[in-house]
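K.L.:
Mind looking over this structure? Questions follow.
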Amino acid sequence: MIKIIDYKAGNAPSVMHAVTHLGLAAQFVRCAQDLAGASHIILPGVGSARATMDSLREMNIIAALEQAVLRDNTPFLGICVGMQILFDHSEEEDTPCLGWLPGRVVKFNAAQVRVPQMGWNNVRFTDRSSDYFYFVNSFYAKPQCQTDTWGTAQYQDEFTAAVRRDNVFGAQFHAEKSGEAGLALLGDFLKGELPC
Amino acid sequence: MLTKRLIACFDIVGGNVTKAVQFQDNIHVGPAAQLAQTLYDAQIDELIFYDITASNERRGIDIATVKEVAKCVFVPFTVGGGIKTLDDMYEALKAGAEKISVDSMAVRNPQIIEQGAKAFGSQCVVLSTQVKRTPTMPSGYEVYIDGARLATGLDAMEWLKQGQELGAGEICLNSIDCDGTLAGYDLELMKLAEQVVRVPLIASGGAGKPEHLRDVFTQTQAQAAIISSMLYSPRMARNYSVHELKDYLLQQGVNVRRYA
């Protein structure tokens, strides 16, 4: 079963709508036990890195999530802040994060570009065709390992718009709100078209 | 590169879209979810819908319609009207909206901007404001509320600055003078606003021809523009499809999301 982590201020309902639209069934996860039997796990993201980390701690879910993703290799997709917290650290409120991927998350320079970045940007992937996706972000990831970068886009400079390492995927953009391109990417992830 | 956004705007009454000229003479267009689905299929970049009678009728936003639209639309979707409290915001977000637009309510209680930004993030809070040319104001524009009926005495640029400081993540600026005239956006207003606004700025009011979109995107720093009549008003001699508008803008060198 597909599992969508539902924490306060996240936009799990929008992700659920997208998954349902793809003709797939999913369940919300609100505690560690709910992760049992996960075929795929999606961590939606809205709000700050700190609030997201706090929510995951309050739900007491981090150990179960690491078991499922890092040891049992369940395919995982983090969206927006859900991708940012995969790294070691976020500059946003100086927040230590999960550290599944080496690297840190830093802020766009408001002297150079409007912050947040809000709108459709073109993402170039390493192994799928480029397309437009919807972004809302003030912060972006700087992976330490170049091979973790799956897609890039241009804003202040070129930045990492998507990451992947084995079964761990991350999208800085809102795949659930990126029209048909976003639905196609979600569908590929959920239907096993993205080899882990 | 980030593209310029075309945002379709609906005024909703009882689940149906209506179209007014300068806030009067509403005519019926059709069911909101149906129009939303049609525009999503046509690859509109974003949708905003305003429940225009919620405040007057002292009720919350039409959640049933928010839910219905959210099920068929997979682009960002903003809702406004009848939002008074954090709980109202939470309910609309939970129903599937991405962003909440605050307008008259925020003028009466500016703290709602700050509270919303803290609870859900700035990106969820769109400050929409209706302004009218008023030569006696320092910036030449005054903020109006309650469906553009009530002058507030607030200077438009001062209000935008304040809204931004309180945490609004985006500003939607509607010209009352241009609204429904189909004569083009108020470019002067947008040029003033881009000097004080650092968050994304949405131009609203006056679009009637594709050239108006070109002008606002090439002559001002607006990142997005509201269109409504052009897309669906039965009053127009001719409506435009999203594809037509995007083709035109691309030809004119405006970077928009290409459609498949």
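The values are calculated or read from the model by the stated rules, or taken from the named source; none is laboratory data. Quick caveat: nothing in here was measured; it's all calculated off a predicted structure. Virtual Cβ from ideal backbone geometry, glycine too; neighbours counted across all protein chains shown.
K.L.:
Going by the structure shown, is B:Tyr90 closer than 24 Å to A:His174 by Cα, within 12 Å of chain A (Cβ to nearest Cβ) and of a type outside the set (Gly, Ala, Ser)?
P.N.:
yes
K.L.:
Then there's this: Given the conditions (1) over 20 Å from B:Leu154 (Cβ atoms); (2) in contact with a Leu (Cβ under 9 Å, 6 or more places away or on another chain); (3) assigned to a helix (DSSP H, G or I); (4) modelled with pLDDT of 90 or more, and given that B:Lys67 satisfies all but one, which numbered condition is not satisfied?
P.N.:
For B:Lys67, the exception is condition (2).
K.L.:
Now for a separate question. Between a residue in the stretch B:67-90 that is on the phi > 0 side of the Ramachandran plot and any residue that is basic (Lys, Arg), which pairs come within a Cβ distance under 9 Å, given they are 6 or more apart or on different chains?
P.N.:
Listed pairs, sorted by first residue: B:Gly82/B:Arg58; B:Gly82/B:Arg59.
K.L.:
List the number of the failed condition for B:Thr38; all other conditions in (1) in contact with a Phe, Trp or Tyr (Cβ under 9 Å, 6 or more places away or on another chain); (2) surrounded by 20 or more Cβ atoms within 10 Å (Cβ to Cβ); (3) farther than 24 Å from B:Thr152 by Cβ; (4) of a type in the set (Val, Ile, Thr) hold.
P.N.:
(2)
K.L.:
Moving on. Can you confirm whether B:Glu142 is of a type in the set (D, E, K, R), within 14 Å of another protein chain (Cβ to nearest Cβ) and either crowded, with 22+ Cβ neighbours inside 10 Å or more than 15 Å from the chain's Cα centre (by Cα) (or both)?
P.N.:
No, not satisfied.
K.L.:
For the stretch B:175-206, name all the residues that are more than 20 Å from A:Met118 (Cβ to Cβ), among the aliphatic types (A, V, I, L, M) and free of Cβ contacts under 8 Å to residues at least 60 places away in the same chain.
P.N.:
Scanning the stretch B:175-206 gives B:Leu182, B:Ala183, B:Leu187, B:Leu189, B:Leu192.
K.L.:
Out of the stretch B:196-255, which residues are aromatic (Phe, Trp, Tyr), outside any loop (DSSP other than H, G, I, E, B) and either surrounded by 18 or more Cβ atoms within 10 Å (Cβ to Cβ) or within 14 Å of chain A (Cβ to nearest Cβ) (or both)?
P.N.:
Within the stretch B:196-255, B:Phe217, B:Tyr232 qualify.
K.L.:
Let me ask you something else. From (1) more than 19 Å from B:Asp45 (Cβ to Cβ); (2) within 13 Å of chain B (Cβ to nearest Cβ), pick out the condition that doesn't hold for A:Tyr134.
P.N.:
Answer for A:Tyr134: the failing condition is (1).
K.L.:
Sort through A:Thr52, A:Thr20 and tell me the only one that's surrounded by 21 or more Cβ atoms within 10 Å (Cβ to Cβ) and part of a helix (DSSP H, G or I).
P.N.:
A:Thr52
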